[in-house]
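The values are calculated or read from the model by the stated rules, or taken from the named source; none is laboratory data. As the structure is a prediction and not an experimental result, all values here were calculated from the model. Every residue, glycine as well, gets a Cβ built from its backbone with ideal geometry; the counts of neighbours run over all protein chains shown. Protein only, heavy atoms only, side chains kept; ligands, DNA and RNA dropped before computing areas. Shrake-Rupley method; radii C 1.70, N 1.55, O 1.52, S 1.80 Å.
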Amino acid sequence: MSVRHGEVVTRPSEVESAYAWMRLAASVLIGTVGGIGMWAVVVVLPTVEAEFGVARAGASLPYTITLLAFATGGIFTGRLADRYGIVLPVAGGAVLLSIGYILTSQAGSLWQFAIIHGLLIGIGSSASFGPLLADISHWFTRRRGIAVAICASGNYLAGTIWPPLIQHFVATYGWRETYFGIGVLCLVTLLPLAFALRRPPPHQQISEAELAAAGSQARLGISPNMLLSLLVVAGVACCVAMSMPQVHIVAYCGDLGYGAARGAEMLSLMLGFGIVSRLISGWIVDRIGGLATLLLGSTLQAIALFLYLPFTSLPSLYLISALFGLFQGGIVPSYAIVVREYFAPGEAGTRVGVVLMATLFGMALGGWLSGALYDLTGDYQAAFINGILWNVLNIAIVGWLLLRKRTQGMVAA
C-alpha cells in the first residue's frame with residue numbers, strides 16, 4: 001500500500017492476496033452474526049402466534065416487515081458503502097441490531113414486535129449482506145464467483161447454526177430472554193469485525209472492469225435500466241417461491257404433527273445444504289457466468305418445490321429440504337455476479353442493493369402470501385403451487401436474457 005497526496009492507494013497486487021482472503025473470512029463472520037434476526041423470527045413464529053393470539057398470516061407479519069426493511073436498507077447501506085466505505089454501514093448496522101433485539105424483547109403486542117423487529121433488525125441486518133457482497137467483489141477477479149458465494153454463505157451459516165440454538169433457548173428461557181441475549185452478542189462481535197475492514201478496495205482495477213461491464217451490456221443489446229428492471233422482476237419471482245419452505249417449514253411440520261423442533265432441524269438442514277450450494281454455484285459461475293448459473297439454480301429450485309406436493313412423511317421432508325437447500329442456495333449470489341458482469345464497479349453497492357431488495361421483497365411477499373393462502377385453504381398445498389408458478393416466471397426471464405446474450409454474440413461474430 002502507498003500514499004499519494006494524503007490518499008491511500010491500494011496496489012493491484014492486493015487483489016486475491018492473503019489479505020483479500022482474510023477480509024473474506026471477516027465478512028463471512030459478519031454475515032453469520034448479522035443474519036441471526038432473519039431466522040430467529042422464523043423459529044419464534046409459532047410462539048409469537050400463540051402469545052399474541054393471532055392467525056398464521058398475522059404471525060408472519062414481523063417476518064414480512066423485517067424483509068421489507070432489510071430490502072430497503074440494502075439500497076441505503078449499499079450507497080453508504082459506495083461513498084464512504086464498508087465500515088460505516090456495518091458498524092451502524094451493529095448498533096441498530098443490538099438496540100432492535102433488546103427493544104423487541106420488551107414488546108407488548110404483535111404490532112410493537114413487528115415494527116421494532118422490522119425497522120431496527122431489518123435495516124441493521126441489511127448491512128451484513130448486500131454491501132459485503134459488493135465490497136468483496138472488488139478484491140477478486142479470477143475467483144470472484146467463489147469469493148462472492150463464500151461471502152453470501154454467512155447468511156446461510158446463520159440459518160444453519162442459529163435456529164436449533166434459538167429453539168433450545170426459547171424452550172428453556174423464553175423468546176424474550178433469548179432476544180435480549182442476541183442483542184448483546186451482536187454489539188460485542190460486529191463492531192470489532194467492522195473495523196477490521198478499514199482498508200479501501202483496489203481502485204486501480206476499476207477502469208478495466210468498467211470497460212468490461214460496458215461490453216457485456218452491449219452484447220445483451222438492452223439498456224442498463226431495462227436490464228436492471230428485468231433482474232428486479234426475476235428476483236421477486238424466484239424469492240416468492242424460495243420463501244415458502246424457508247419461512248413456513250417450522251409451522252408446516254407443526255401442522256403435520258411432527259413438532260416445531262423437527263421443523264427447526266429441517267430449516268437448519270436446508271440452509272446447511274444451501275451453503276454447499278453457494279460454494280458449488282460460485283465454482284460454476286466462474287466457468288459459465290452469472291446468467292447461466294442463475295438459470296440452473298432456478299430450474300432446480302422449481303423441481304424441489306414440486307417434490308413437496310406429493311411427499312409429506314418425516315423422512316421425505318428431511319430429504320426434500322436438503323435437496324431444496326442444495327438447489328436454491330446459489331441463486332441470490334448469482335444475481336450479485338450478474339450485476340458485477342453488466343454494471344460498473346463504482347455502482348456495485350447500489351445496483352446490488354437494488355437487485356437484492358427485489359429478492360428480499362419477494363421473500364417478504366412470499367412469506368405473507370403463503371400464510372394468507374394457508375388461512376384461506378387450511379393447508380399449504382396452494383402455497384407450494386403458488387411458489388412453483390412464480391418460479392416459472394423467473395425461469396422465463398433469465399432464460400430470455402441468456403438466449404439474448406447468445407443471439408447477440410452470434411450476430412456480433
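Below, the figures for the structure above:
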| quantity | calculated |
| --- | --- |
| Within region 285-413: Cβ-based charge dipole about Cα centre, in debye rounded to nearest 20 (Lys, Arg +1; Asp, Glu -1) | 460 debye |
| Accessible surface ranking that places the most exposed of E341, E265 first, with a 1.4 angstrom probe | E265, E341 |
| In nm, spacing of pseudo-spin labels at A171 and L319 (7 Å Cα→C-beta vector) | 2.6 nm |
| Value of [θ]222 nm, deg cm²/dmol, for the chain, DSSP H segments ≥ 4, -39500 (n - 2.57) each, nearest 500 | -27000 deg cm²/dmol |
| For region 356-410, radius of gyration divided by Kirkwood radius, i.e. Rg to Rh on alpha-carbons | 1.19 |
| Per-selection Kirkwood Rh - region 271-347 (Cα, Å, 1 d.p.) | 13.0 Å |
| Approximate shape of region 105-206 as ellipsoid semi-axes (Cα gyration tensor, √5λ), whole Å, largest first | 33, 15, 13 |
| Relative contact order for the chain, counting Cα pairs under 8 Å that sit 6 or more residues apart, in percent | 26 percent |
| Charged-residue dipole, Cβ positions (Lys, Arg, Asp, Glu), the chain about Cα centre, Debye nearest 20 | 980 debye |
| Hydrodynamic radius of region 144-192 per Kirkwood, over alpha carbon pairs, in Å | 12.4 Å |
| 5 Å-binned pair-distance histogram of region 264-413 (Cα, whole percent) | 2, 9, 15, 20, 21, 15, 9, 5, 3, 1, 0, 0 |
| Sites M22 and L389, calculated FRET efficiency, Cβ-Cβ separation with R0 51 Å, nearest 0.05 | 0.70 |
| Within the chain, longest stretch clear of exposed trypsin sites (Lys or Arg not before Pro) (DSSP loop, no more than 11 other Cβ within 10 Å) | 199-413 |
| With all protein chains modelled, accessible area of W39 [1.4 Å, Å²] | 10 Å² |
| Gyration tensor (Cα) of region 309-356, equivalent ellipsoid semi-axes in angstrom | 36, 8, 7 |
| Span-rule helices in the chain, defined as complete DSSP H runs reaching 18 Å or more along the axis (Cα) with Kyte mean at least -1.0 | 18-34, 61-84, 87-104, 144-173, 175-195, 206-220, 224-255, 260-288, 290-307, 314-328, 348-377, 381-412 |
